[in-house]
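See below for the structure under consideration.
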Amino acid sequence: MESDRALNEYYPRNFAIHPAAYDSKYKTSVLRSPRHALISIDPSLTELSGPSFSPNELHELDHDLILNHSQGALPIGERIIVHGHIMDENARPIPNALIEIWQANAGGRYRHGNDRYLAPLDPNFGGCGRTISNHDGYYFFRTIRPGPYPWRNRMNDWRPAHIHFALSGRSWCQRLITQMYFEGDPLIQRDAILGTVSDPAALQQLVARFDPHAAVPFDSLAYRFDMVLRGTRATLFESRLPE
């Protein structure tokens, strides 16, 4: 029988499908990427436990980016709902996962002091929020679809419309920071950052699917974006294979 420690450990990350840290077409990776081989360290109790979250810790409008920064009017832009499930690698739901969100406004500008893009700020849109998955691992939030924006990489490079996610699951070993893109965006295939993802299937995991069944008539369109966090180790038998 495995020890409690072994049952609580998480599968190693599959670096075969993760993008390389260095890519010449992604200029800022030149300074950010490590110059030496990575060192693998076994997780300790610190990484295998906590943090834990409760819906009671959130404000009632934290998940509603359309209203949570309103100064008496509604923000400009396409109203959308983003929803989906948070699961582990064995397709088990992860309840009480904290999902933090931040994004640019409809014009492609962030509410950040270092953003100097000429698009105007929207006084009624803060561009950040958070929510928690329910007992089935389900989450949703309302927001404005972000706009694309130019960035100083190559001449006339533009980032596709995207939303940033930071997820905290059952432990720090499940911590994930990622970005969500929108189905049908022509800028996806031209993006230098997404170009570092060599596996086409892995790239598609970053793209939210248009979901007309979850739309609110005369109000909001909807996109579905499911996310998978690392799963715990367990003894596998022929009748119980990884999903």
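The values are calculated or read from the model by the stated rules, or taken from the named source; none is laboratory data. Quick caveat, the model's predicted, so the values are computed rather than measured. Every residue, glycine among them, receives a Cβ derived from its backbone with ideal geometry; neighbour counts consider all protein chains shown.
Observations on the model:
- Flag for GLY113 being touching a residue at least 12 places away in the same chain (Cβ under 8 Å) and either surrounded by 18 or more Cβ atoms within 10 Å (Cβ to Cβ) or at negative phi (or both): no
- Counting only residues that are over 13 Å from PHE141 (Cα atoms) and surrounded by 17 or more Cβ atoms within 10 Å (Cβ to Cβ), segment 63-83 holds 3 of them.
- Flag if ILE86 is under 22 Å from the mean Cα position of the chain (by Cα), surrounded by 15 or more Cβ atoms within 10 Å (Cβ to Cβ) and of a type in the set (A, V, I, L, M): yes
- Filtered residues of segment 89-103 (kept if within 22 Å of HIS164 (Cβ to Cβ) and part of a strand (DSSP E or B)): LEU98, ILE99, GLU100, ILE101, TRP102, GLN103
- Only residues that are over 27 Å from SER29 (Cβ atoms), buried (at least 16 other Cβ atoms within 10 Å of the Cβ) and among the charged types (D, E, K, R) were counted in segment 128-177, giving 4.
- The sole residue among GLY113, GLY107 that is more than 17 Å from the chain's Cα centre (by Cα) and closer than 23 Å to ASP219 by Cα is GLY107.
- Among the residues of segment 70-88, those that are in contact with a strand residue (DSSP E or B) (Cβ under 8 Å, 6 or more places away or on another chain) and part of a loop (DSSP other than H, G, I, E, B) comprise PRO75, ILE76, GLY77, GLU78.
- Residue count, segment 116-142 (criterion: closer than 22 Å to ALA73 by Cβ and out of contact with any Pro (no Cβ under 7 Å at 6 or more places or on another chain)): 10
- For segment 104-121, a tally of residues being modelled with pLDDT of 95 or more, farther than 29 Å from ASP226 by Cβ and either part of a strand (DSSP E or B) or not small (Gly, Ala, Ser) (or both) returns 5.
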